[in-house]
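Contents: one structure, followed by commentary.
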Amino acid sequence: MAAHLKKRVYEEFSRVVQIPHEEAPAKKLRLSKPSKSAALHIDLCKATNSTDALQYLLQFARKPVEVESVEGVIRILLEHYYKETDNSVRLKIASLLGLLSKTNGFSPDCVVDDVINTLGNEKSHQVLAQLLDTLLVVGTQLPESPAVRPRLVEVACKLLSDTYFGVRNKCLQLLGCLGMVDTPLAKDSDGPSSSIGGVRDVQSIISNYFSDQDPRVRTAALKAMLQLHERGLKIHQIIYEQACRLLSDDYEQVRSAAVQIVWVLSQLYPESIVPIPSSNEEIRLVDDAFGKISHMVSDGSWMVRVQAAKTLGSMLQVSPHFLEQTLDKKLMSDLRRKRTAHERAKELFASGEFSSGRKWADDAPKEKLDTNTVNLIASGACGAFVHGLEDEMFEVRIAAVEALCQLARSSPSFAEKCLDFLVDMFNDEIEEVRLQSIHVLREISTHITLREDQLDTVLAVLEDSSRDIREALHELLCYTNVSTKECIQLALLDLLKNLNKYPTDRNSVWKCLKFLGSRHPTLVLPLVPELLSTHPYFDTPEPDMDDPAYIAVLVLVFNAAKSCPTMPALFSDHTFRHYAYLRDSLSHLVPPLRLPGRKQVYSLDSVDPGCGSGSVESAKLFLQQSLNRVSTIQNLETPGAQDLLNFTIRDLQRLGELQTELAGAADFCATYLRCQLLLMKALQEKLWNMAVPLCLKQNVTATAAAQQILEETYKLEFLYSGLESRQVATIHHVRLQAKALQLILTARTRPGLDLLISSCEKFLQEIESFQRMFLTELPHLQDGFVDKLLELMPRLLSCKPVELVKILQSSLRQSGLLQLRLPEQIHRASATIIEPTGESDNPLRFTTGLVVALDIDATLEHVQEPQDKVKVQVLYPDGQSHVIHPKPADFRNPGPNRHRLITQVYLSHTAWTEPSQVEVRLLLAYSSSSSSPSSSIKSGWSDSIDGLPPAEAAVEGTIPFSKPVKVYIMPKPARR
Amino acid sequence: MPEIKVTPLGAGQDVGRSCILVSIGGKNIMLDCGMHMGYNDDRRFPDFSYITQNGRLTDFLDCVIISHFHLDHCGALPYMSEMVGYDGPIYMTHPTKAICPILLEDFRKITVDKKGETNFFTSQMIKDCMKKVIPLNLHQTVQVDDELEIKAYYAGHVLGAAMVHIKVGSESVVYTGDYNMTPDRHLGAAWIDKCRPDILISESTYATTIRDSKRCRERDFLKKVHESIERGGKVLIPVFALGRAQELCILLETFWERMNLKAPIYFSTGLTEKANHYYKLFITWTNQKIRKTFVQRNMFEFKHIKAFDRSYADNPGPMVVFATPGMLHAGQSLQIFKKWAGNEKNMLDVKMQVEYMSFSAHADAKGIMQLIRMAEPRNMLLVHGEAAKMEFLKGKIEQEFSIDCYMPANGETTSVITNPSVPVDMSLNLLKREMALGGPLPDPKKPRAMHGTLIMKENSLKLVSSEQALKELGLNEHQLRFTCRVQLQDPHSDSDTLHRIYTHLKSLLKDYTIQHLPDGTVMVESIVIKVSSSAEDANSKVLLLSWSYQDEDLGSYLSSLLKKGLPT
């Protein structure tokens, strides 16, 4: 039997080794070659008229052609091409040539000569264009070939004078893709290049076609120029003037391309000086271009407007003077200058008068304007963004908002200026635009401080019915600076109003107030008595601790108090009690405070973030020390090892709770150690010395332990992000141990030999694949279980299953504990279901057979690609479970490593007599095939993976990673 | 010289009573046919006797085009068509055709029933008039007759407002009607392609104004209404014009939706309600937002806005009421005003911003300039504005675009000389021959001279080669030759002289074929040169030059060259 096993095992390995030398598929391909081209040839010969031939070609084009037969097919096609008189068939052949040239692994340089020859004889313009297209494909396939490139460029130059626009288009494309500005290649070999007149200056050839009569050719010329730029060739500044002229072309696609060219030039030569026509002045090129592109924001075509608005955002070198003009629009009424509403608001604010809006005619026009100074056609950048933000199409408005954002980020003074405009956009009719402008304001909020009247406008949006908008606004308020205590009060009032109107916003509002408080401690200080409604003489009634609004106020005050030591003096007694309560229940919102007389009680917690970085360091040190301590355990038999592990696990868990920065790492280590502990327990001496039938119970615990270890290893591998291949190897190592344990247990309980043989085989395979996967990591696994096994490998392969089990058993028990090295950053994926809260006592009633939609709102942290991985599980009381895959659109990404899932799941069930609870939780799906322990290794051998059994490749499963939430439901029987 | 004549019968240096006569390429067109709100006498309607003293207008007008449904653009239409008499086509867009009769009927009611005027058009006349209307679609080119074609462009302003491009041959005029270059809550912005008309006739209501961004105004308005509602007050919004009412409705409706407000909004029944029905139907004429969302919900099917009933005014709690008329001088708005005036919580929105909004759907000075930039006209003509303001804009236009700008008063004719291009058929052979002579590609920027014969026959023009022209017309070809004698002092013999001439010319004219023929002549191209001695003096030779008409240039050059004598 052993011999049999050995043989099979050898077979397995030999097959793996053989794969690279396998010849079979190649042979097969060679066989198909003549048949394919021959079939085509016969078909084409059979074709009596051009329609038939065209049909054959179309059919032919549907199937892929193998690399080997491409050349043959091309010959046949060309042969037929020469004979064919019908244009459409020739056109199709030409396009097929292009398609075939794209075949992977086929080098198309042999096509070039033929195609160029046919070009000379071709009369039809359409076919010519198609042939050039084929050359374009060939050219892009062989971008660096010194032989092909100049020939193609030459051909393109020659055919540029064709009367058909399509031919000229293709020629320009060719030049754009292949032309060189100054061709060092051609200069070296002097001979061939001298015959080509144009190669020296592809740019001037292309720019000649900027004034072609056909707009499509003009566009192609501009695009070719852009192509040159994209290939890294430097475009000359000479074409700037021409490009600017094309900005006023009749055709939108030309204007659009011209905007791009002007932009490219402005980035290449920002500091060059260009004259202003009709005056003697000169300005920087980037300013001139900025002015011209700004002008395009009021173009007739919205595509051009979008293009222009987008482009403006990336012109960061523009002078501030020009930049600020984009927001300037001189108002007048009956020829008298008027101030904008923005200016009026600012003045009103500056004068200290409270904005009443009741003053009659406060927008009355002021001084009379001199008619000569009024400039109606905005020269330069005047008011570009004012127009862009008011545009009819929301695409343009969004582009303008984004551009504003980019420009404002690089210029604080501009950020200040564009504030009013962004705030105005909060009122846009399209939600996307509103949302975008809120995001933008958040991004530039470091530069700005909101005035009271501006804040007022911002806060008005808090009543928006769209949750996204409100949350974006909360996010914005977290980062906002305000100037006065009235602002704080205003913000608080509006947030409370929001809380009242939309109770589901609770968490978001609290979080917002937390930041607001910690940002403006000095502004909160004078408000404290009012906020907490304390009175110097009278005791005020104690507020209700469950009131979310009261909690909100407390969050604001406590966070302000953190950096304002005088504040606690203003607290009343119950405030301190409430602090203690909140510090426990909402520890993420309430910071630790140094409260008078309470130091002792909170000494444990007063690892306060004032010396935060230090404490993180010490915690790290502690973590490392614990791990070191554990590593002293030589092997699993060491006495006292279990206790040490137990304590260490407990320590680590506590550490994870205290230090959120290290929670991931601590958790990871604890779980790992727990695996070891389980393994240790399962391998306890006395268990194994007993006869099998006597220790049935222990056997059960050991089996359970093995199973649990396996599960835990999957959690370790897939729940944590930031793992390096070394940790993955360690995890796999533990998994291998668990599997060995399982194998031993199988051997002991079920003496069925066939089963045992197959599991032994499987195990050996796994060792093999482990070795392959973690070749580079093997040195780190010294002294481990696998290390031992690999030493014994030759013996293992030849021995009987029973013997194998024995070896496994002894090496399992003797192998030492692998030391875990911590990676830099480890994060545990986690999910919290915010909604449903599970607190409701009202069952969700619905008719059986129909569905009820349950709103789910959850935050996910440190989950990569949640769209593919996160699922919702619903567990019914009868044990039924449904797994629902949320739509990709239901995931939002509010911050780095943070996702938000807002979705609906549909529940349905047969009738119940009374309401009961279903459990809802989130699952993280994993599949071991998608886990790449080290991508380089993976890709290295994945080429030969085809031959391996797929069973090994993928283990799929799910890990629950959120606390389950119970929802009360009640399916009623249908009424008849 | 061909010219386009424009005569405003109304709206020349004035706002109201838009009516402009255009004659272009032999066609007469009336643009708009409005009434003047300010008058109740004959000045109310345009003076149609300018067109003809007595009799119907049908013979004098080829078509009438109405730009939009406001009464100052269409109020005189039934009067003109039914009472003065006009049976030709009247063009307007679909929404205008739908809403216009409602307004006309309302106008008739007020004038006849309330003010008791007689000799006014009747309901039947409005109906008859509407039967003559041919509806237009946007960007649809409509052939009025063989030569005259019109095309409508989107103008914003109100639902169905259009700009029209009128074209006869290569001459064209664009009339804008009223338009708006900034979009609002329910309509988009005006747009026209670069059609380069000979004249752009534009309104100029806001010739001297540059407006602030709409957003501030909207925000202020919403904030005030919102605050008042939150206080539990009632808001009365008197509204003026059809169209503006819809904008405010949309604005409030979306705001209510966004902010989740519950307070009722009421709308006084009547005119606007009827019109609103059509707003629901003509979604394609509205702005991007309404067009895109109407699959889910038609924005004009208001959720929060309900029809007003007199009894609601006494209801407790906050509410918003739109009421007509706008001036608070009579009717519903006055009644409600009286009822609510006692309570300080209530807000009456008669302040600037509403008044402002109701007129603001016109292009401001910048908008007008923007339209000019879009259309690139050769001449500009301003109507529908005050003279003083036009003067300013005119100056600006002339300065910035360097084109002529006119602003005729009512009854004053402006004529613009045009330079229409005349299309000529060219024979393919001739074209190919010329192509072969020139470079590989025709250069569109450079005019090129060519030889050919223009044949005008039965209203068609043809350019053919001269041989073909001769053949077609059955004429014989006549050769025209010039001969010329040149006296030359030369002592040599005839043949020597000839040879010397030959070598001389050969050295000078390198690019020409010069032959010395055995029969005693020298040929330069097709010019023949002969030498004969004069009888008296053997030294003075007479040269005979002869060339055909086509070689005139070369021939005269040669003769002048030979007159200078031969080099010794």
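Between B:511, B:496, which is of a type outside the set (Ser, Thr, Tyr), part of a helix (DSSP H, G or I) and without any contact (Cβ under 8 Å) to a residue 24 or more places away in the chain?
B:496
Please determine whether any residue of the stretch A:381-388 is away from chain B (no Cβ under 14 Å) and either in contact with a helix residue (DSSP H, G or I) (Cβ under 7 Å, 6 or more places away or on another chain) or without any contact (Cβ under 8 Å) to a residue 24 or more places away in the chain (or both).
Start the filter on the stretch A:381-388 by keeping residues that are away from chain B (no Cβ under 14 Å), which leaves A:381.
Pick out the ones that are also either in contact with a helix residue (DSSP H, G or I) (Cβ under 7 Å, 6 or more places away or on another chain) or without any contact (Cβ under 8 Å) to a residue 24 or more places away in the chain (or both) and you get A:381.
Checking the stretch A:381-388: at least one residue is away from chain B (no Cβ under 14 Å) and either in contact with a helix residue (DSSP H, G or I) (Cβ under 7 Å, 6 or more places away or on another chain) or without any contact (Cβ under 8 Å) to a residue 24 or more places away in the chain (or both).
Could you check the stretch B:147-206 and list, in sequence order, the residues that are of a type in the set (A, V, I, L, M, F, W, C), within 13 Å of chain A (Cβ to nearest Cβ) and touching a Pro at 6+ places or on another chain (Cβ under 9 Å)?
If the condition is that a residue be of a type in the set (A, V, I, L, M, F, W, C), within 13 Å of chain A (Cβ to nearest Cβ) and touching a Pro at 6+ places or on another chain (Cβ under 9 Å), then B:189, B:195 are the ones that fit.
Go through the residues of the stretch B:211-225 one by one and say whether even a single one is away from every other protein chain (no Cβ under 13 Å) and either free of Cβ contacts under 8 Å to residues at least 12 places away in the same chain or not charged (D, E, K, R) (or both). Even if it seems obvious, please write down each step before you answer.
Step one: list which residues in the stretch B:211-225 are away from every other protein chain (no Cβ under 13 Å), which gives none.
Scanning the stretch B:211-225, I find no residue that is away from every other protein chain (no Cβ under 13 Å) and either free of Cβ contacts under 8 Å to residues at least 12 places away in the same chain or not charged (D, E, K, R) (or both), so the answer is no.
Which of the helices (runs of 4 or more DSSP H) contained wholly in the stretch A:444-506 include at least 2 residues that are more than 13 Å from every other protein chain (Cβ to nearest Cβ), more than 30 Å from the chain's Cα centre (by Cα) and surrounded by 19 or more Cβ atoms within 10 Å (Cβ to Cβ)? Can you show your working first?
Details: elements: A:452-460, A:467-479, A:485-501.
Per the criteria, A:485-501.
Would you check which residues across the stretch B:284-296 are part of a helix (DSSP H, G or I) and either buried (at least 16 other Cβ atoms within 10 Å of the Cβ) or not basic (Lys, Arg) (or both) and list them?
Taking the stretch B:284-296 first, the residues part of a helix (DSSP H, G or I) are B:284-285, B:288-293.
Answer for the stretch B:284-296, where residues must be part of a helix (DSSP H, G or I) and either buried (at least 16 other Cβ atoms within 10 Å of the Cβ) or not basic (Lys, Arg) (or both): B:284, B:285, B:288, B:289, B:290, B:293.
Please state which one of B:432, B:396 is crowded, with 20+ Cβ neighbours inside 10 Å and part of a helix (DSSP H, G or I).
None of the others qualify; the one that does is B:396.
At pLDDT 85 or above, out of contact with any strand residue (DSSP E or B) (no Cβ under 9 Å at 6 or more places or on another chain) and within 10 Å of chain B (Cβ to nearest Cβ), is that true of residue A:402? Before you say what the answer is, go through the steps one by one.
On the way: at pLDDT 85 or above: yes; out of contact with any strand residue (DSSP E or B) (no Cβ under 9 Å at 6 or more places or on another chain): yes; within 10 Å of chain B (Cβ to nearest Cβ): no.
Spelling it out, it is not the case that residue A:402 is at pLDDT 85 or above, out of contact with any strand residue (DSSP E or B) (no Cβ under 9 Å at 6 or more places or on another chain) and within 10 Å of chain B (Cβ to nearest Cβ).
Could you tell me whether residue A:118 is within 27 Å of residue A:164 (Cα to Cα), under 41 Å from the mean Cα position of the chain (by Cα) and assigned to a helix (DSSP H, G or I)?
Details: within 27 Å of residue A:164 (Cα to Cα): yes; under 41 Å from the mean Cα position of the chain (by Cα): no; assigned to a helix (DSSP H, G or I): yes.
When the stated conditions are applied, residue A:118 does not pass them.
From the list A:112, A:127, which one is within 18 Å of residue A:148 (Cα to Cα) and touching a residue at least 40 places away in the same chain (Cβ under 8 Å)?
Numbers: A:127 fails: within 18 Å of residue A:148 (Cα to Cα).
Just one listed residue meets the conditions, A:112.
Looking at residue A:923 and the list (1) in a loop (DSSP other than H, G, I, E, B); (2) free of Cβ contacts under 8 Å to residues at least 60 places away in the same chain; (3) surrounded by 12 or more Cβ atoms within 10 Å (Cβ to Cβ); (4) not β-branched (Val, Ile, Thr), which single condition is not satisfied?
For residue A:923, the failing item is (1).
Filter the stretch A:121-141 down to the residues that are outside any loop (DSSP other than H, G, I, E, B) and polar (S, T, N, Q) and list them by number. Steps first, please.
Filtering the stretch A:121-141 for residues outside any loop (DSSP other than H, G, I, E, B) gives A:121, A:125-141.
Matches in the stretch A:121-141: A:121, A:126, A:130, A:134, A:140, A:141.
Which one of these is crowded, with 20+ Cβ neighbours inside 10 Å, at pLDDT below 80 and over 16 Å from residue A:817 (Cβ atoms): A:662, A:719? So that I can check it myself, show each step before the final result.
Details: A:719 fails: at pLDDT below 80.
Of the residues listed, the single one that is crowded, with 20+ Cβ neighbours inside 10 Å, at pLDDT below 80 and over 16 Å from residue A:817 (Cβ atoms) is A:662.
State whether the residues of the stretch A:91-109 include one that is within 22 Å of residue A:45 (Cβ to Cβ) and touching a residue at least 40 places away in the same chain (Cβ under 8 Å).
Here is the first cut: in the stretch A:91-109, the ones within 22 Å of residue A:45 (Cβ to Cβ) are A:91-97, A:99-100.
Filter again for touching a residue at least 40 places away in the same chain (Cβ under 8 Å), leaving A:94.
Yes, because at least one residue in the stretch A:91-109 is within 22 Å of residue A:45 (Cβ to Cβ) and touching a residue at least 40 places away in the same chain (Cβ under 8 Å).
Can you tell me how many residues within the stretch A:76-107 are part of a helix (DSSP H, G or I), of a type outside the set (A, V, I, L, M, F, W, C) and within 18 Å of residue A:121 (Cα to Cα)?
We begin by selecting, within the stretch A:76-107, every residue part of a helix (DSSP H, G or I); these are A:76-83, A:87-101.
Retained after the next criterion (residues that are of a type outside the set (A, V, I, L, M, F, W, C)): A:79-83, A:87-88, A:90, A:92, A:95, A:98, A:101.
Keeping just the survivors that are within 18 Å of residue A:121 (Cα to Cα) gives A:79-83, A:87-88, A:90, A:92, A:95.
So the answer is 10.
Of B:267, B:302, which residue is away from chain A (no Cβ under 14 Å), touching a helix residue (DSSP H, G or I) at 6+ places or on another chain (Cβ under 9 Å) and more than 20 Å from residue B:361 (Cβ to Cβ)?
Working: B:267 fails: more than 20 Å from residue B:361 (Cβ to Cβ).
Within the list B:267, B:302, the selection yields B:302.
Does any residue in the stretch A:803-832 that is closer than 27 Å to residue A:681 by Cα come within less than 6 Å, Cβ to Cβ, of a residue that is in a strand (DSSP E or B) six or more places away or on a different chain, and which pairs are these?
As it stands, the answer is A:814/A:635; A:816/A:635; A:828/A:720, since those pairs meet every condition given.
Here is a yes/no grid of residues against (1) modelled with pLDDT under 95; (2) at positive phi; (3) part of a helix (DSSP H, G or I); (4) among the hydroxyl-bearing types (Ser, Thr, Tyr):
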position	(1), (2), (3), (4)
B:72	yes, no, yes, no
B:79	yes, no, yes, yes
B:119	yes, yes, no, no
B:128	yes, no, yes, no
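The values are calculated or read from the model by the stated rules, or taken from the named source; none is laboratory data. Bear in mind the structure is a predicted one, so any value in this text is a computation, not a measurement. Here the Cβ is made from the backbone with ideal geometry for all residues, glycine too, and neighbour counts use every protein chain on show.
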